[in-house]
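In what follows, a single structure is set out as structure tokens and then discussed.
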Amino acid sequence: MESFKIQRPGSGGDLPQGGEYSPFPVARKVNSIHSVVMDVDVEGGNLGPYQDRPRTFPNMRGKSYNPLIFRILMRINVRVLFVILLLALGVVFYVGASTSPIIVFVFSTCIISFLVSMYLAKWVLAKDEGPPEMGQISDAIRDGAEGFFRTQYGTISKMAILLASVILCIYLFRRPTPQQEASGLGRFTSAYITVAAFLLGALCSGAAGYVGMWVSVRANVRVSSAARRSAREALQIAVRAGGFSALVVVGMAVLGIAILYAIFYVWLEVDSPVPLLLVGYGFGASFVALFAQLGGGIYTKAADVGADLVGKVEQGIPEDDPRNPAVIADLVGDNVGDCAARGADLFESIAAEIISAMILGGTMAQHASGFILFPLVVHSFDLVISSVGIFSIRGTRDSSGKASSEDPMKILQRGYSVTILLAVLTFGASTRWLLYTEQAPSAWFNFALCGLVGIITAYVFVFITQYYTDYKHEPVRTLALASSTGHGTNIIAGVSLGLESTALPVLVISVSIISAYWLGQTSGLIDENGIPTGGLFGTAVATMGMLSTAAYVLTMDMFGPIADNAGGIVEMSQQPESVREITDVLDAVGNTTKATTKGFAIGSAALASFLLFSAYMDEVAAFAREPFKQVDIAIPEVFVGGLLGSMLIFLFSAWACSAVGRTAQEVVKEVRRQFIERPGIMEYKEKPDYARCVAIVASASLREMIKPGVLAIISPIAVGIVFRIFGYYNGQPLLGAKVVASMLMFATVSGILMALFLNTAGGAWDNAKKYIETGVLGGKGSDCHKAAVTGDTVGDPFKDTAGPSLHVLIKMLATITLVMAPVFL
């Protein structure tokens, strides 16, 4: 294919010879690279010091990729597909109607939310993609993201099938629990159901990740194009694109569990099949989410660190400059790390929370049947109220008025406030509908207050994280000021900020757990012995309250990487400075929303893990056929288990960060090599080899994600088996289960603190750099800015690799101990 050139209007001649390049090969059968010069008259802007240079844009567009299921569906006749869809819906609603009217309500709400998400996707895709050079860059990002996703999830699927085989063997040879014997479930039925649920959870978690990436790689260029017209339009497109992903992910989590519950209820005639759901579906979702977060996090941060250290610090070129060989890998990483991985992460969080709450609801079902299905209804309302919050963020016809200069963060917060208000109303209505019981007529009000505690906790968590990571507040500005005295003081200030930021969230979590437990205990619900039974369920309701706005929170999270990608496309396509300023503001807000979402995620993980720990103790008691209510850490072996749990968190974090460091070193060496061997890159006379950097980070991240992931899965199993053997010879049959319980408890506590530190410190370092780039303390290119870039690179693996992976690790440890409980006895 021939290279082509575009003559800049008014230049009076052709481009210099250096502006013509021949095609070059890349790893994904790339067709060609073209030299393109864009029209400088876009919006009448000024392209800055490089406007007279020819600019290169990578046309890395390869063969479009669609998952196998999509390719199969596209080959089916539309009418046949429509009939199949109607039959599937009919079967689903028949099963739901045979179970409970509540399940029908849940199914209906989820399907309506899917229709709303389809409208959002259609609305976003109807927006223009801007000039051709923007489309070329977007195509390159899309190809890189889809190629890595396909390879990564192929690797994860193989590991999932292997693990499913192990689970099948364990369940085929384990002793069934008294509950399973009473319900008539045999050993073989239980084993195959658990494995099927595990694989379904893994499949849905992977689908959630794909949905997150699918929309982000298509919305980024549309946000870039909209930024040429107004900031408000760009904001609206990014929010609605994130909203599409959020509604699909949350709807899929709720619908998947509801369908499984209904199937077990109707065809297996099991009244309380929730433990089966937990050990299968929840663990499958956690397993995929962990490896997705690790692989995507290593990819995105290795590329980011390599691009920043050589590009910004050594060469002094702007972020996302087209001359940086690692820039495409960096932009691809935003999608596979922040979008795909976060979609799988939040899917897993919601699934674990729903299932753990349904387990506790099963113990309360003698009071009212609604206790089991209450979590599904809460998240069904979440889909409704979050949709209202998303649609409350509207564009404006007045591009020159107040709306064009309004702080995007305030606009997002207004939408969140609308969602919070509706959450309070719908949560109260849900508790009155489902949790009312004749035995304790006022119990529903206590549980409504528990939900309010959770909602307030979520709001406070968002505020605390925003305070420590937004450059409008004092902590980040102090961190930026520390950069003026050098790289070392920037690092010291960032570490101290991160350590300090753990205090308030822990106090909030502590108050929430105790308040919700007390409200549940005083609800008036008692067992046959007159002992209050509502305490733990009150904590579960508080967790549901915290996650009752999960779809809107995920929307804000997806907004971040989409805005970041949009800024990269604007910079690479050399748009006017005014356009870049708009995307920079959106990017800074996106950093804050990503940080607040991580704070939200770790808060909900703490509450959910508390519930899962209780479920683990109940599971052990059921298998051992004796009470298991307490874990005594004064026993030396149990204390050692706690030490091993804390060690696991630190070792896992170390391996995740070192994986980023090793991969980033390869990127740095490659970028330096290209700048040395191709000096014309800096003058736009030679093209960077973008594909080489993409290949480096893709292969390295797939390789590096295995070790920390396997550590997380093997550690609790190995510890449980070793101490089970030790207990067998010492006459302590429950020792293995007790040591694992201690390991789980200590790992949860250490993981919460470590994740808070990593997430907040990384977000603060990033926004301190953004604050300096607004022009303060010398602005871009100054020594202060270079020190801030160093801090940002240190914080990158903190906030986008190790920190988010710990969210998943905490819950996965709980679910894997539930799955493997028979092995410890």
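The values are calculated or read from the model by the stated rules, or taken from the named source; none is laboratory data. Predicted model, so just to flag it, every value in this text is computed and none were measured. Glycine also receives a Cβ, built like all others from the backbone with ideal geometry; neighbour counts cover every protein chain displayed. Please note that ligands, DNA and RNA were not included when accessible areas were found on the heavy atoms of the full protein model with its side chains. Shrake-Rupley method; radii C 1.70, N 1.55, O 1.52, S 1.80 Å.
Rounded to the nearest 10 Å², what accessible area does Leu85 have for a 1.4 Å probe in the complete protein model?
Counting only protein heavy atoms, Leu85 exposes about 100 Å² to solvent.
Over the residues of segment 581-700, compute the C-alpha Rg and express it relative to 2.2 N^0.38 Å.
Cα-based Rg divided by the globular estimate yields 1.81.
Can you tell me the FRET efficiency between Leu651 and Val722 if r is taken as the Cβ-Cβ distance and R0 is 25 Å, rounded to the nearest 0.05?
0.90
On average, how much area does the Cα convex hull of segment 195-348 cover when viewed from any direction, in nm²?
The orientation-averaged projected area of the Cα hull of segment 195-348 comes to 10.5 nm².
Using just the helices of the chain, give the 222 nm mean residue ellipticity in deg cm²/dmol: DSSP H runs with n ≥ 4 each add -39,500 (n - 2.57), and the total is spread over all residues, rounded to 500.
Per the formula, -25500 deg cm²/dmol.
Compute the FRET efficiency between Asp407 and Phe463 as 1/(1 + (r/R0)^6), taking r as their Cβ-Cβ distance and R0 = 22 Å, and round to the nearest 0.05.
Between Asp407 and Phe463 the formula returns 0.90.
So if I place +1 on the C-beta of Lys and Arg and -1 on the C-beta of Asp and Glu, and nothing else carries charge, what would the dipole magnitude of segment 626-774 be about its Cα centre? I want it in debye, nearest 20.
280
Taking the Cα-to-Cβ direction at Ile161 and at Leu507 and moving 7 Å from each Cα, how far apart do the two end points lie in nm?
Each label point is offset 7 Å from its Cα along the Cβ direction, giving 5.3 nm.
Hey, can you find the accessible area per residue of the chain for me, probe 1.4 Å, expressed in square angstrom?
Each residue of the chain exposes 35 Å² on average to a 1.4 Å probe.
Quote the FRET efficiency, to the nearest 0.05, computed for Glu500 versus Tyr729 with a Förster distance R0 of 60 Å and r equal to the Cβ-Cβ distance.
The computed FRET efficiency comes out at 0.80.
For the pair Tyr119/Leu89, report the inter-label distance in nm, with labels modelled 7 Å from Cα in the Cβ direction.
That separation, rounded to one decimal, is 1.5 nm.
For segment 322-331, in order, what is each residue's ³J(HN,Hα) by Karplus, 6.51 cos²θ - 1.76 cosθ + 1.60 with θ = phi - 60°, in whole Hz (x at glycine and Pro)?
Per-residue couplings from phi come out as x, 7, 7, x, 9, 5, 5, 4, 4, 5 Hz.
Counting only other residues whose beta carbon sits under 11 Å from that of Trp123, what net charge do I get with K and R as +1, D and E as -1?
Net of charged neighbours comes to +4.
If amide H atoms are built 1.01 Å from N in the plane of the peptide, which residues on other chains or at least 5 residues away come under 5 Å of the amide H of Ile526?
HN-HN under 5 Å from Ile526: Thr533.
Describe numerically, in nm with one decimal, the distance between label points set 7 Å from Cα along Cα→Cβ at Leu711 and at Ala126.
5.0
Excluding ligands and nucleic acids, what accessible area in Å² is computed for Val388 using a 1.4 Å probe, to the nearest 10?
Here the accessible area works out near 70 Å².
Working out 0.36 nm times the residue gap between Thr489 and Ile633, then minus their Cα-Cα distance, what length gain in nm do you get to one decimal?
So the chain would gain 47.8 nm between Thr489 and Ile633.
So what's the angle, to the nearest 10 degrees on a 0 to 90 scale, between helix 706-730 and the longest Cα principal axis of the chain?
Taking Cα atoms only, the helix is inclined about 20 degrees.
Would you mind checking Lys158/Lys738; Lys312/Lys598; Lys770/Lys811; Lys312/Lys799; Lys127/Lys799; Lys312/Lys669 for any pair whose Cα atoms are more than 22 angstrom apart?
From the list (Lys158/Lys738; Lys312/Lys598; Lys770/Lys811; Lys312/Lys799; Lys127/Lys799; Lys312/Lys669), the Cα-Cα distance tops 22 Å for Lys158/Lys738; Lys312/Lys598; Lys770/Lys811; Lys127/Lys799.
With every protein chain left in place and a probe of 1.4 Å, what is the accessible surface of Met682, to the nearest 10 Å²?
The value for Met682 is about 60 Å².
Sorted by accessible area (1.4 Å probe), largest first, how do Ser108, Ser190 line up?
Per-residue accessible area, sorted high to low, gives Ser108, Ser190.
Could you tell me which label, among (1) 0.98; (2) 1.00; (3) 1.03, carries the value of Rg/Rh (Cα atoms, Kirkwood Rh) calculated for this structure?
Computing Rg/Rh (Cα atoms, Kirkwood Rh) and matching it to (1) 0.98; (2) 1.00; (3) 1.03 gives (1).
Considering only Gly779, Ala654, Ser380, whose Cα is most displaced toward the positive end of the charge dipole of the chain, charges sitting on Cβ of Lys, Arg (+1) and Asp, Glu (-1)?
Farthest along the dipole direction, towards plus: Ser380.
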